[in-house]
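As structure tokens, the structure follows; a few thoughts come after it.
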Amino acid sequence: MTSAFIEIRDIKKQYGPITAVKDVTLDIRKGEFMTFLGPSGSGKSTTLYMLAGFEYPTAGDIRLNGRTLLDTPSHKRNIGMVFQRYTLFPHLTVGENVAFPLRIRRLPKADVERKVREALRLVRLEGFEDRKPALMSGGQQQRVALARALVYDPPVLLMDEPLSALDKKLREEIQFEIRRIHQETGVTILYVTHDQEEALRLSDRIAVFSQGKIDQIGSGQTLYAEPATRFVAGFIGDSNFIDTDVVSVEGSHATLALPGGRTVSGVPLHSAGPGKTAALLLRPERIDLKVGEAGAADALSGTIRDITFLGNNTDVLVDIPAGKQLSVRLPFGHPMLDGLRPALPVALSFNPATVHAFQG
Amino acid sequence: MLLDFDRLGPWKWVLITITTLVCLFLLLPIVFIAALSFGSSQWLIFPPPGWTTRWYGELFADPRWLQSAFTSLKIAAIVTVLSVGIGFLAALSLNRGSFAGREVLRALFLTPMILPVVVLAVALYAFFLRIGLNGTTLGFIIAHLLIALPFSIISIGSALEGFDKSIEDAAILCGASPWEARLRVTVPAISHGLFGAAVFSFLASWDEVVLAIFMASPTLQTLPVKIWATLRQDLTPVIAAASTLLILFTMLLMIIAALVRRGSKQGTKP
Ligand SMILES: Nc1ncnc2c1ncn2[C@@H]1O[C@H](COP(=O)(O)OP(=O)(O)OP(=O)(O)O)[C@@H](O)[C@H]1O
Ligand SMILES: [Mg+2]
């Protein structure tokens, strides 16, 4: 455990009666790309700001390389940060902006020039030295901000939704650049976003925030395949939840009664309480669909309500018993697609070992 | 647009007439004074029977006029520096702070603007009498600072309002201490607000007369006080000359301020 580069220990942040962050504990390895993902108001920025030193935790500790950061003021932490809003110094040119941290550190002039050139090359903005920020696009400004945050080789780079003001196409382009820069520099990055696609694309690991705490930490694949809570299951990827009754529990697995009366056994059960019901997570693309009445091996019967073509996928909305609906996703060119029509009876099945149930 | 100038029809001429009259109303006294200052009659007759620069000669030959102009300039300059400095700090705390009573404090800072100047003058006079500040440069400075500060706080405050605090935070993470960040990043970024504060503070002191009359002594007089005092003794066109120069100087400052404001707007907006 002591091998972690950044250790966040039980930090808490209280604003009067509001608890913005509660008991967040997290270890980050050197060179890791860690993303804080979560809905608005879940405490991602507050956690990041405590790392930056703009907020002081009500309780807990943050250590970098084994030493606490909390007694170091922001300007001495030597941390880089890119903000959600455009924060280039308006009266300075691009070159002067990137040179600013080096001038503060009183580096010799020749070093400043060389490092500024390198940093601007890193973000592919060579030749923009003499531009004023106001004359640059949002994407360019954020790249300059990135160069300014990296020019002094900080061990840690914080990014608080740096791309949220950009349009989708530009966002993807800069995500790619950020990934390349991460690989080229090896800097440890803490990245905040509420866009799951962005998190999945960029991160080594993702910490999913919900109401001021971390629900789960893991790689994108882990979070998708093995969600620890119903919140994570619903937040990462598309999901169907159906209400089931818990018939019996065998260790960490359960037998559940599905709408329509059939039961499935051997479903991994995540217990959040002693309730007799559980929400069953079914990913749309992991449900098998057959035309016709349900047989003995099928879990659910239903009728097709709607079919939506989405390019590489087609979503089939199926009415199931108890007035519920399930969305089933079929890839483009799936042999069964031609035979599907609304009002057609269908049978649904899934592998119980690969789904999850969350006891309520 | 509802009130499109080109579609007003005959109303257009009414509007033009009213605008012209208002402009004349505002400008005529100035033109009148300027004309009198070059008039050859020593009884301030209008229209002047002839033209001369004699009164300007007399003005510049009299050391008391120069002395009072210099006093005005000195007091206004010191008031400007103090007003911008204190105004910056006050605006910063009103803008950024989250302490109790912030709005009350803001209102308090702005009261000198709405308080009748005479009331302020009488109060200050009575107070300064006790602590011996009447007739001193310091007394002048404090009195004028009181009326200049609201202008500074408003001008700098609105500039800070339009300045994203994250930019200062970015400078701090870049390694600048909080005050270094404010001086190297915030101050240049809100320089138009600081400049506006300086111009308004200077003018607030430069052509202020009511407080100055209460603060003045026979040996310490600002230009407006000198004009007023001279006016009471004899009605010489030298007063018109002094007034004209005073107005010219004020106008010059306003023009510079307008130019700077336009320059800074072009700098920030592509
Ligand atoms: N200075 C503050 N005073 C009071 N409450 C605050 C303050 N800063 C944050 N909060 C509260 O703390 C909670 C977490 O805020 P935070 O900004 O960390 O959320 P976030 O996850 O970054 O959300 P977003 O995606 O909207 O940026 C919110 O409920 C917010 O209202
Ligand atoms: Mg945030």
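Can you tell which of B:Thr230, B:Pro218, B:Ala242 lies farthest toward the positive end of the dipole of region B:174-266, using +1 and -1 charges on the Cβ of basic and acidic side chains (Lys, Arg; Asp, Glu)?
The one lying farthest along the dipole's positive direction is B:Ala242.
With the contact rule set at Cα under 8 Å and sequence spacing of 6 or more, what percent relative contact order holds for region B:63-268?
The normalised contact order for region B:63-268 reaches 32 percent.
Mind giving me the nanometre distance, one decimal, between the label points for A:Arg114 and A:Asn313, set 7 Å out from Cα along Cα→Cβ?
5.1
Rg over Rh of region B:179-238, using C-alpha atoms and the Kirkwood radius, what does it come to?
Numbers: Rg = 18.3 Å, Rh = 14.2 Å.
Here the Rg-to-Rh quotient is 1.29.
In a GNM of chain B with a 10 Å cut-off on Cα contacts, which of B:Thr222, B:Thr20, B:Thr71 has the highest mean-square fluctuation?
Result for chain B, Cα springs under 10 Å: B:Thr20 fluctuates most.
Have a look at B:Val122, B:Val14, B:Val209 and tell me which one the Gaussian network model of chain B (Cα, springs below 10 Å) gives the largest fluctuation.
The residue that fluctuates most here is B:Val14.
Compute the FRET efficiency between B:Ile256 and A:Gln211 as 1/(1 + (r/R0)^6), taking r as their Cβ-Cβ distance and R0 = 51 Å, and round to the nearest 0.05. Each step should come with its number before you reach the end.
Working: r = 56 Å, r/R0 = 1.09.
Step by step, r from the Cβ atoms, then E = 0.35.
From the C-alpha gyration tensor of the protein assembly as shown, pull out the three semi-axes of the equivalent ellipsoid (sqrt of 5λ each), sorted largest to smallest, in whole Å. Write out the running numbers ahead of the final one.
Values: eigenvalues 1034, 173, 120 Å².
For the protein assembly as shown, the semi-axes come out at 72, 29, 24 Å.
For region A:162-219, report the % of Cα-Cα distances exceeding 17 Å.
On the way: 667 of 1653 pairs.
Percentage above 17 Å: 40.
What helices does chain B hold that run 30 Å or longer along their axis, going by alpha-carbon atoms, with a Kyte-Doolittle average of 0.5 or more, using DSSP H for the helix calls? Walk me through the numbers on the way to the answer.
Values: long enough: B:11-37 (39 Å, 2.17); B:63-96 (49 Å, 1.05); B:137-161 (34 Å, 1.79); B:237-268 (47 Å, 1.32).
Correct list, ordered by number: B:11-37, B:63-96, B:137-161, B:237-268.
What FRET efficiency comes out for B:Val187 versus B:Ile131 if R0 is 41 angstrom and r is the Cβ-Cβ distance? Round to the nearest 0.05. If you can, show how the numbers build up before the last one.
On the way: r = 34 Å, r/R0 = 0.83.
Once rounded, the FRET efficiency stands at 0.75.
Just to compare against my own numbers: the Cα pair-distance distribution for chain A, 10 Å bins, whole % per bin, please.
Percent of Cα pairs in each bin: 5, 20, 25, 21, 15, 10, 4, 0.
Give the Rg (one decimal place) followed by the Dmax (whole number) of chain B, computed from C-alpha coordinates and expressed in Å.
Answer for chain B, Rg first and Dmax second: 22.7, 71 Å.
What ranking of B:Thr244, A:Thr185 emerges when the number of other C-beta atoms within 10 Å of each C-beta is taken as an exposure proxy, fewest first?
Details: B:Thr244 20, A:Thr185 15.
Least to most surrounded, the residues fall as A:Thr185, B:Thr244.
Tell me which aspartates and glutamates have Cα within less than 15 Å of A:Lys132's Cα, excluding those fewer than 8 residues away on the same chain?
The reachable aspartates and glutamates, counting only those whose Cα sits under 15 Å from A:Lys132, are A:Glu96.
Which Rg and Dmax, in Å, describe the Cα atoms of region A:18-108?
Spelled out, the Cα radius of gyration and Dmax of region A:18-108 are 15.6, 47 Å.
Just the Cα atoms of region A:238-359: what Rg and Dmax do they give in Å?
Radius of gyration, then largest Cα-Cα span, for region A:238-359: 14.5, 45 Å.
Could you work out which residue, out of B:Gly57, B:Gly139, B:Gly157, moves most in a Gaussian network model of chain B, that is, has the largest mean-square fluctuation with Cα springs under 10 Å?
Among B:Gly57, B:Gly139, B:Gly157, the largest mean-square fluctuation in the Gaussian network model of chain B belongs to B:Gly57.
Treating each Cα of region A:185-284 as an identical point scatterer and ignoring solvent, apply the Debye formula and state log10 I(q)/I(0) at q = 0.12 Å⁻¹.
Once normalised to I(0) and log-transformed, intensities are -0.47.
Just how large is the dipole of region A:174-249 about the Cα centre, in debye to the nearest 20, putting +1 at every Lys and Arg Cβ and -1 at every Asp and Glu Cβ?
Working: 6 positive and 11 negative charges, 51 e Å.
That gives a dipole near 240 debye.
Answer rounded, prolate or oblate for region B:160-270, using the Cα gyration tensor with square roots of eigenvalues a ≥ b ≥ c: rounded when a/c is under 1.5, else prolate when a/b is larger than b/c, else oblate.
Working: a/c = 5.19, a/b = 2.43, b/c = 2.14.
The shape class here is prolate.
Classify region A:75-150: rounded, prolate or oblate, from the alpha-carbon gyration tensor (a ≥ b ≥ c, eigenvalue square roots; a/c under 1.5 rounded; otherwise prolate if a/b is larger than b/c)? List each step's numbers first, then the result.
Details: a/c = 1.62, a/b = 1.21, b/c = 1.34.
Oblate shape, in that a/c is at least 1.5 and b/c is the bigger or equal ratio.
Once you sort the root eigenvalues of the Cα gyration tensor of region A:297-360 as a ≥ b ≥ c, which label holds: rounded (a/c under 1.5), prolate (a/b larger than b/c) or oblate (the other case)? Walk me through the numbers before you get to the answer.
Working: a/c = 1.82, a/b = 1.43, b/c = 1.27.
In terms of gyration-tensor shape, prolate.
None of the figures in this text is laboratory data; all of them are computed from the coordinates on show. Because the structure is a prediction, the values reported are computed rather than measured. Backbone-built Cβ (ideal geometry, glycine too); neighbour counts: all protein chains shown.
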